[in-house]
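Shown next, in structure tokens, is the structure this report addresses.
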Amino acid sequence: MPGIDDSAIRSRMLVALALAVVLSACERSVSPLAPEAVLTPGTWGAADVRVVTSDSVTQVRVGCDEGTFIGQISLDATGRFSANGTWTQGFQAYFYSPHPVPAQMSGQVNGASLQFAIAAANGTTVISIGPRTAVLGAGSSFGACGV
């Protein structure tokens, strides 16, 4: 082009290329507040609640009741999830099932906080547990179970 120095064109092209590289890297970076693709493995706890998750299974205990959810629990872009599994209810006057029954756990992860609810079905009886909240790395304490 007449009147424009080749070095000026190259310089502008390099600046544009560098800007494009920086911007594309920013788009791929993960914010510390962004949810993970799966529920973070480890122990999540609170009073009367424990959630232990790994690559292959998530075990949940609420009071004297326990659930098992097989596989990793996937999170969507907002940290929400839903997982099918089984629930074993300890003795309660309104719902007693000493064997595992179908259950669904759903909730949301926000940083190190996990809020969840569980719905379990034993024939025509359905019970809801939660919402409950557990914190990654926190301990759990449970009272005595039984009648």
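The values are calculated or read from the model by the stated rules, or taken from the named source; none is laboratory data. Just so you know, these numbers come straight off a predicted model, no measurement behind them. Heads up, the Cβs are rebuilt from the backbone with ideal geometry, glycines too, and the neighbour counts pull from every protein chain shown. The protein model used for the area step is the full one, side chains on, heavy atoms only, and it has no ligands, DNA or RNA in it. Shrake-Rupley method; radii C 1.70, N 1.55, O 1.52, S 1.80 Å.
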Legend entry - Search result, residues across segment 122-147 that are hydrophobic (A, V, I, L, M, F, W, C), open to solvent by 40 Å² or more (accessible area, probe 1.4 Å) and not in a loop (DSSP other than H, G, I, E, B): 126, 135, 136
Legend entry - Unique residue being more than 26 Å from residue 121 (Cα to Cα), surrounded by fewer than 10 Cβ atoms within 10 Å (Cβ to Cβ) and modelled with pLDDT under 50 when the list is 93, 77, 25, 18: 25
Inset, instruction - Working only within segment 108-145, note down all residues that are out of contact with any strand residue (DSSP E or B) (no Cβ under 8 Å at 6 or more places or on another chain) and over 15 Å from residue 61 (Cα atoms). - result: 110, 111, 123, 124, 125
